[in-house]
Each structure stands twice: as C-alpha cells, then as structure tokens.
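So the structure is just underneath, and the comments pick up after that.
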Amino acid sequence: MNHLMRPLAPITDAGWKEIDAEARERLQTHLAARRVVDVAGPHGWRHSATDLGRTTTLASASLAEVDEGVVVRQRRVLPLAEVRVPFTVSRGELDDAERGADDLEFDDLDRAAKQIAMIENRAVFHGWAAAGITGIAEASPYPAASLGDDPEAYPGVVARAVDTLRQAGIKGPYGLAIAPAGYTRIVESTEHGGQLLFDHLRRVLGGGRVVRAPGLDSALVVSLDGGDFALELGQDLAVGYSHHDAETVTLYLEESFSFRVVEPDAAITLTT
C-alpha cells in the first residue's frame, strides 16, 4: 500500500476504473502549461526537491579546527510543492459503476480536476511566491505587447512577438498560450477568403501550437525549442482515498511539483 491508501476505499476495480478515466479526461482539458514547457518526471512521492546546480557559501568561523583557506558551501535546491484537492463521489454512483453504468455523475471530481489544473497552470504562467516559483509572465524581460480584442489583428501582434524572440537568439517553433476567451475568438474567426485564423497563427508560430490556457490572465508567446522552462514532477496527478460514510466517499487529487524559468528571454507577454 502506498500513500494514496486506495486499497482502504470501499471502491471496486470497476469503480476505480471509472474514476481514473474521468479524472484523466478532465485533467487533459485543463492542463495547459504542460503543453508549452518541458516536463520531467514523475520522480515519485518521496522526491522532495529540484537540484538547482548552485551553491551558497557558508561561514566557517563557527566550525572548530577549520584550517585557513577551507571553503564551505551548501547545495541549493527548490523544494517541491504538494497540492491536494478533495472531492466526493456518491456510493450509489459507485454501485451503478459495478452494475455497468457508463453515464456516471462525477461532478465534484470535475470541479477538483479544474481546480488543481488551475493551480499548476497559474504557478507556471504567473508564479507562486509562497512556493518559491517565478512564473513565465513575471520573468519575461520584454515590454508586454497589446493583443487587443480584434482576432484579425492577432497574427500581426504574434508575428512581431516571434520576431522579437528571433532577434534575441531564441529559436522556434513557438507556441501561443492564450486565455479561454481569446482562444474562443480564434477558433470562431475566419479571415478573408475563408482561411482559418487558427491555421494562420500556426504558420506565424513556425509550425508551433495555439493552446487554450485556463489560469492565464492574457496570452504568452513562448519558444517550444526546449530547455527554457522546466516543470518537474514528484508525484504526478493521482487520485487518493481519504475517508467515507454511508452515503459518500471522500477522495482527492494530488500532485507535487516545482517549476523554473531557465531562460527568461524565451517568452513575451501579450495583454488583452
């Protein structure tokens, strides 16, 4: 048995299969940051920190019998943040899963999946000071460009952002991560002659991708070349068991992660 305590839950194999499938489907809808950054791991629940490859020099005066010239350093690490979001499922729905029902109601799981994905997205895009995480938007050194509300103007704004990155020596392809409202404008719009705006933007991005990004306040143009943004997973997203009563089972979604901006020059913020 591991820390998720799943064998203690009054849930059959059929019930767990339905819960896990629903969790995967909902998480894939909302986990936007993972589509534009490098993901390492999962390294497991016991993985506690990301090695930064740097040190801090320590004072050695308090150490007895230290010869002159001795240098004492401490390795620097970024501790992983643990996130747990509880949710409940009805024992009646779990009984129906065992009977073969395929239209189960897991509304609270849907809520939890969206919430934990938003926490991860916002940590990557906007930072999480309490966890020592600097986000992509706050690390970018460039003046923010205005994307505006007119989707037909998007390709020009994105093209200028891509050109800025290229002039800074940042290679493509590039990605456009954009808040849900802006993404909706893109997919609903066409240009003159019926050319999909979505396809035009992908060409401007050098064959990259346009990503719907819940949790992002506006938009970002980022390099997808790799090595610029690092999301490290200890425990990848998983469902665990907490407790139950006669009517409901309380479960949770859990993960542990750290995030680092390795190359701040590899992203530009676009405001709306």
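Take the residues in region 19-62 that are part of a loop (DSSP other than H, G, I, E, B) and among the polar types (S, T, N, Q), then tell me which one is farthest from Gly227 (Cα to Cα). Only one residue tops the list, namely Ser62. Can you find a residue in region 205-222 that is under 27 Å from Lys114 (Cβ atoms), assigned to a loop (DSSP other than H, G, I, E, B), more than 18 Å from the chain's Cα centre (by Cα) and hydroxyl-bearing (Ser, Thr, Tyr)? No, the conditions are met nowhere in region 205-222.
The residue pairs whose first member lies in region 187-216 and is over 22 Å from Ala266 (Cα atoms), whose second member is of a type in the set (S, T, N, Q) and at pLDDT below 90, and whose beta carbons are closer than 7 Å, counting only pairs six or more residues apart or on different chains, are Leu196/Thr190; Leu197/Ser189; Leu197/Thr190. Residues that are in contact with a Ser or Thr (Cβ under 7 Å, 6 or more places away or on another chain), part of a loop (DSSP other than H, G, I, E, B) and not hydrophobic (A, V, I, L, M, F, W, C) within region 164-174 comprise Lys171, Gly172, listed in sequence order. Set side by side, the residues Asp217, Asp199 differ, and just one is surrounded by fewer than 18 Cβ atoms within 10 Å (Cβ to Cβ), out of contact with any strand residue (DSSP E or B) (no Cβ under 7 Å at 6 or more places or on another chain) and over 21 Å from Phe257 (Cβ atoms), which is Asp199. Within region 9-51, the set of residues being closer than 17 Å to Leu78 by Cβ and over 19 Å from the mean Cα position of the chain (by Cα) comprises Arg46, Asp51.
Right, Val239: buried (at least 18 other Cβ atoms within 10 Å of the Cβ), within 22 Å of the chain's Cα centre (by Cα) and farther than 20 Å from Ile133 by Cβ or not? Yes; evaluated as a whole, the condition is true for this residue.
In summary, helices (runs of 4 or more DSSP H) completely within region 91-140 and bearing 1 or more residues that are farther than 15 Å from Phe259 by Cα, free of Cβ contacts under 8 Å to residues at least 24 places away in the same chain and over 16 Å from the mean Cα position of the chain (by Cα) occur at 91-99, 107-126.
The residues listed here are Ala161, Ala177, Ala230; of these, the one that is buried (at least 20 other Cβ atoms within 10 Å of the Cβ), touching a residue at least 40 places away in the same chain (Cβ under 8 Å) and not in a helix (DSSP H, G or I) is Ala177. Return yes when Ala40 is buried (at least 17 other Cβ atoms within 10 Å of the Cβ), out of contact with any His (no Cβ under 8 Å at 6 or more places or on another chain) and not basic (Lys, Arg) and no when it is not. Spelling it out, it is not the case that Ala40 is buried (at least 17 other Cβ atoms within 10 Å of the Cβ), out of contact with any His (no Cβ under 8 Å at 6 or more places or on another chain) and not basic (Lys, Arg). Of the residues making up region 66-91, those that are exposed (fewer than 12 other Cβ atoms within 10 Å of the Cβ) and over 23 Å from Arg46 (Cα atoms) are Val66, Asp67, Glu68, Gly69, Val70, Val71, Arg73.
Let's see how each residue does on (1) modelled with pLDDT under 95; (2) touching a Ser or Thr at 6+ places or on another chain (Cβ under 8 Å):
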site: His192; (1), (2): yes, no
site: Gly206; (1), (2): no, no
site: Val211; (1), (2): no, no
site: Leu220; (1), (2): no, yes
site: Gly226; (1), (2): no, no
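The values are calculated or read from the model by the stated rules, or taken from the named source; none is laboratory data. Everything numeric in this text was worked out from a predicted model, so none of it was measured. In this analysis, Cβ positions are derived from the backbone assuming ideal geometry, glycine residues included, and neighbour counts consider all displayed protein chains.
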